[in-house]
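Asks: Okay, handing you the structure first.
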Amino acid sequence: MSEELKKEDYVEPSCYCDTSMWQKEPPVKKIDSGRVIGKLDEYLYQNDYAKAEKHLDFWMGEAKLGNDKRGQLEIHNELMGLKRKLGKGDEARANAVAALNLVNELELDGTITSATVYINAGTVLKAFGEADKGLPYFEKAKVIYEKLLKDNDGRLGGLYNNMALTLTDLKRYEDALSYYEKAIEVMKRVENGEGDTAISYLNMANCLEAKLGLEDALTGIEECIETAWSLLNSDKLAKDGYYAFVAEKCAPTFEYYGYIGYAEELKAASDGIYAAEREKG
């Protein structure tokens with residue numbers, strides 16, 4: 001019996017240089033995302049943003065060489081946050097655009113992955129003065145997260161907190177305060193969520209000041225400050241690299257409201273943890 005004919009045995013190209021029928025998608029060589037993110041966390045816990053940036057840039061190159069679009073999406077997600085922290089607005093926006101394009105190309109809309117991209121893109125826009133453009137991305141993420149995540153998932157609390165920050169920028173103070181309360185309720189259910197809860201309380205203090213003015217908001221601000229300080233000193237809260245990040249983030253707000261001692265303690269704690277992490281690294 002003769003072998004079954006294949007298409008290329010009997011169909012001729014339309015011109016001598018048309019080889020489209022034999023062309024295939026290039027093979028995918030996936031990067032080890034877990035390893036990449038693990039090493040990134042090490043650099044961040046050492047407060048070494050320069051090494052973190054080089055690390056992500058290198059692995060982005062590897063993901064592109066390997067045609068690993070999922071890997072590229074993960075790296076773009078991390079680069080959005082890192083470039084934002086470094087104040088590199090154009091690069092942060094470029095990574096946001098690339099990530100959003102990959103969500104469409106990979107048909108991921110409606111997934112948790114897409115919601116994470118929307119949050120990061122919205123945060124980039126908010127950070128560089130475009131809160132009005134960022135809010136729709138948070139709203140898209142909210143629909144997905146509330147459908148797919150449990151009410152004790154820290155990612156949901158993070159979304160509410162970032163929405164509240166954006167609403168504050170847009171002077172929608174009542175809505176912002178409502179979302180801070182939502183964030184706090186979620187983070188109370190999260191194991192080791194005290195640090196993020198403290199951040200929401202401090203953000204709420206800023207929102208109260210923006211809404212009422214410092215004098216009229218003073219009582220509410222003091223309550224937020226003392227609650228945040230208590231949470232940051234919880235025995236349940238691990239004093240690790242993430243705590244150093246939280247402490248560093250919170251210290252300026254304590255200092256702004258005149259709680260100099262609290263701010264100095266947090267700065268000393270974060271500096272000590274970063275130094276210990278660098279010695280381990």
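Asks: Between residue 181 and residue 215, what is the spin-label point distance in nm, taking each point 7 Å from the Cα along the Cα→C-beta axis?
Replies: A separation of 2.7 nm, rounded to one decimal place.
Asks: Also, quick follow-up: Residue 226 accessible area, nearest 10 Å², 1.4 Å probe?
Replies: Rounded to the nearest 10, that gives 80 Å².
Asks: Continuing with the same structure: Given the convex hull over the Cα atoms of segment 42-186, what projected area results after averaging over all orientations, in nm²? Display every interim value, and only then the final one.
Replies: Values: hull surface 35.3 nm².
Over all viewing directions, segment 42-186 projects a mean Cα-hull area of 8.8 nm².
Asks: For every helix of n ≥ 4 consecutive DSSP H residues, a contribution of -39,500 (n - 2.57) applies; sum these over the chain, divide by its total residues, and give [θ] at 222 nm rounded to the nearest 500 deg cm²/dmol.
Replies: Computed mean residue ellipticity for the chain: -24500 deg cm²/dmol.
Asks: Taking 0.36 nm per residue of sequence separation and subtracting the Cα-Cα distance, how much length would be gained by fully extending the chain between residue 70 and residue 260, in nm to one decimal? Provide the component values of the computation, followed by the final result.
Replies: Working: separation 190, 0.36 × 190 = 68.40 nm, distance 4.52 nm.
Gain on stretching residue 70 to residue 260: 63.9 nm.
Asks: Follow-up question, since we're still on this one. What do the square roots of 5 times the Cα gyration tensor eigenvalues come to for segment 107-172, in whole Å, largest first, as semi-axes of the equivalent ellipsoid?
Replies: Over the Cα atoms of segment 107-172, the semi-axes work out to 20, 13, 8 Å.
Asks: Which sequence of 185, 174, 209 reflects their accessible areas, 1.4 Å probe, from the largest down? Kindly include the intermediate steps, with their values, before the conclusion.
Replies: Values: 185 90, 174 110, 209 40 Å².
Final ranking, largest accessible area leading: 174, 185, 209.
Asks: Between residue 57 and residue 106, what is 0.36 nm times their sequence separation minus the Cα-Cα distance? Round to one decimal in nm.
Replies: Extending this stretch completely gives an extra 15.5 nm.
Asks: Could I ask something else about it? Determine the sum of side-chain charges near residue 80: Lys and Arg each +1, Asp and Glu each -1, restricted to other residues whose C-beta is under 15 angstrom from that of residue 80.
Replies: Computed value for this residue: 0.
Asks: Sort 253, 219 by accessible area with a 1.4 Å probe, largest first. Walk me through the numbers before you get to the answer.
Replies: Numbers: 253 25, 219 95 Å².
Order by accessible area, largest first: 219, 253.
Asks: Further question on the same structure: Between residue 271 and residue 235, what is the spin-label point distance in nm, taking each point 7 Å from the Cα along the Cα→C-beta axis?
Replies: Label at residue 271, label at residue 235, 2.9 nm between them.
Asks: Evaluate E = 1/(1 + (r/R0)^6) for residue 90 and residue 152, where r is the Cβ-Cβ distance and R0 equals 41 Å; express this FRET efficiency to the nearest 0.05.
Replies: 0.65
Asks: For segment 133-267, restrict the atom set to alpha-carbon positions and state the Rg and Dmax in Å.
Replies: 14.7, 43
Asks: Kirkwood hydrodynamic radius of the chain from all distinct Cα pairs, in Å?
Replies: Details: mean 1/r = 0.0473 Å⁻¹.
Every distinct Cα pair counted, the radius reaches 21.1 Å.
The values are calculated or read from the model by the stated rules, or taken from the named source; none is laboratory data. Bear in mind that the values here come from a model prediction, so they are computed numbers and not experimental data. Because the Cβ atoms are built from the backbone with ideal geometry, glycine has one as well, and the counts that use them run over all protein chains shown. Each accessible area value is taken on the protein alone, full model and side chains, heavy atoms only, with ligands, DNA and RNA left out. Shrake-Rupley method; radii C 1.70, N 1.55, O 1.52, S 1.80 Å.
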